[in-house]
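The values are calculated or read from the model by the stated rules, or taken from the named source; none is laboratory data. Values in this document were obtained by computation on a predicted structure and should not be read as measured data. Cβ placement follows ideal geometry from the backbone for every residue including glycine, while neighbour counts extend to all protein chains displayed.
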Amino acid sequence: MSATWPKGIRYVYVGNVAGHEGNHTYCHHCGKMIVERTGFIIPTYQIEKNACKFCGTLIPGKWS
């Protein structure tokens with residue numbers, strides 16, 4: 001999904017396509033996966049205090 005970042009679309013993800021890497025959300029700064037999705041389940045969630053746990057970049061949205 002990084003092709004969308006230069007256009008300002010940073011947090012898009014593909015839905016309902018099993019096994020596609022675009023199902024997940026990645027930090028626009030460091031590129032690491034911050035929300036992993038498997039169907040309707042989120043097994044990995046790497047956002048803390050509205051920021052990427054890896055690099056600290058603010059991730060806009062409602063995360064509580």
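Observations on the structure shown:
- Residues in the range 16-64 that are assigned to a strand (DSSP E or B) and of a type in the set (S, T, N, Q) were compared, and the one that is modelled with the lowest pLDDT is Thr38.
- Pair list, Cβ < 9 Å and 6+ apart or interchain, from the range 47-63 residues that are touching a residue at least 60 places away in the same chain (Cβ under 8 Å) and of a type in the set (Asp, Glu) to residues that are in a loop (DSSP other than H, G, I, E, B) and loosely packed, with under 14 Cβ neighbours inside 10 Å: none
- Selection within the range 18-56 - of a type in the set (Lys, Arg) and surrounded by fewer than 17 Cβ atoms within 10 Å (Cβ to Cβ): Lys32, Lys49, Lys53
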